[in-house]
Amino acid sequence: NAGVTQTPKFQVLKTGQSMTLQCAQDMNHEYMSWYRQDPGMGLRLIHYSVGAGITDQGEVPNGYNVSRSTTEDFPLRLLSAAPSQTSVYFCASSRTGGRNTIYFGEGSWLTVV
Amino acid sequence: SQQGEEDPQALSIQEGENATMNCSYKTSINNLQWYRQNSGRGLVHLILIRSNEREKHSGRLRVTLDTSKKSSSLLITASRAADTASYFCATDEGSQGGSEKLVFGKGMKLTVNP
């Protein structure tokens with residue numbers, strides 16, 4: 001049972017480039033979400049989804065796009081990378097959001113130069 | 001905006017001592033959760049306490065919830081060096097935003113010295 005899998009683990013981007021962080025879960029969870037973690041800021045919610053075809057914005061959605069075409073996958077797209085998007089990104093899933101345990105991936109370290 | 005705020009922000013203790021971390025939040029909640037994060041890793045769920053519960057135990061962990069004070073505490077008894085990590089409280093948005101979003105505090109770093 002792999003749980004929540006994120007790729008890539010590390011990425012360096014140039015300002016203006018676009019990329020997609022991949023997230024997949026094999027627990028048949030309806031709820032998936034993306035957080036970013038910055039020093040001294042804790043985790044901030046970027047986007048979340050309560051099921052296939054449904055997405056919504058979190059606290060810091062600007063500069064990011066998501067889609068949820070399947071229950072398993074929830075990719076995060078950076079449209080035009082900026083140095084302010086240098087961060088550690090975590091994908092998470094759960095059966096029904098905050099009512100249940102949330103399972104996290106191991107993180108993706110992104111540096112924008 | 002962030003909901004939970006952990007206190008203290010950093011704590012250093014000796015192995016065998018107890019560690020207490022506090023979390024305060026602003027709006028009504030349905031649930032409050034505690035997570036641990038080892039350096040360079042993802043977050044791991046420790047315990048969930050619902051708004052109608054006052055205390056919960058899991059092994060060496062004891063969590064209390066006081067909804068009148070909008071606060072929770074996490075007690076780790078007989079700490080071990082392996083408990084060294086950052087600890088986060090997380091809340092849903094209660095009756096206002098439903099339970100879909102889980103909002104995290106900034107975290108508290110616990111160091112347990114051997």
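Points to keep in mind about this one:
- Normalised by 2.2 N^0.38 Å, where N counts its residues, the alpha-carbon radius of gyration of the range B:39-111 equals 1.18.
- Amide hydrogen proximity for residue B:15: with H placed 1.01 Å from N in the peptide plane, the residues at 5 or more positions away or on another chain lying under 5 Å are B:113.
- Applying the Karplus relation 6.51 cos²θ - 1.76 cosθ + 1.60 with θ = phi - 60° to the range A:31-36 yields 3J(HN,Hα) values of 9, 9, 8, 10, 10, 10 Hz, where x marks Gly and Pro.
- Mean sequence separation of contacting Cα pairs (under 8 Å, at least six apart), scaled by the length of the range B:23-114, corresponds to a relative contact order of 31 percent.
- Modelled spin labels at residue A:27 and residue B:50, positioned 7 Å past Cα toward Cβ, are 1.9 nm from each other.
- Loop trypsin sites (Lys or Arg not before Pro), the range A:1-60, which have at most 15 other Cβ atoms in a 10 Å radius of their Cβ (DSSP): A:9, A:14
- Separation of the range A:56-75 and the range B:6-71, taken as the distance between their Cα centroids, equals 28 angstrom.
- The range A:21-82, dipole about Cα centre (Lys/Arg Cβ +1, Asp/Glu Cβ -1), debye to the nearest 20: 200
- Residue (of B:33, B:12, B:43) at the positive-pole extreme of the protein assembly as shown, dipole from beta-carbon charges: B:12
- In the structure shown, the pairs B:70/B:101; A:9/B:109; B:26/B:106; A:14/B:106 are assessed against 22 Å; a Cα-Cα span above that value is assigned to A:9/B:109; A:14/B:106.
- Across the range B:101-114, rounded Karplus estimates of 3J(HN,Hα) from the backbone phi angles (6.51 cos²θ - 1.76 cosθ + 1.60, θ = phi - 60°) give 8, 10, 10, 9, x, 7, x, 9, 8, 9, 10, 10, 8, x Hz, Gly and Pro being marked x.
- Charge dipole of the range B:8-114 (Cα centre as origin; +1 on each Lys and Arg Cβ, -1 on each Asp and Glu Cβ, all else neutral): 80 debye, rounded to the nearest 20.
- Paramagnetic reach from residue B:39 (point 7 Å along Cα→Cβ, amide N under 17 Å) across the range A:1-43: A:39-40
Where a number appears in this text, it was derived from the coordinates with a stated rule and is not lab data. This structure is a prediction, so every number in the text was calculated from the model and none was measured. Counting neighbours? That spans all protein chains shown, and the Cβs are built from the backbone with ideal geometry, glycine included.
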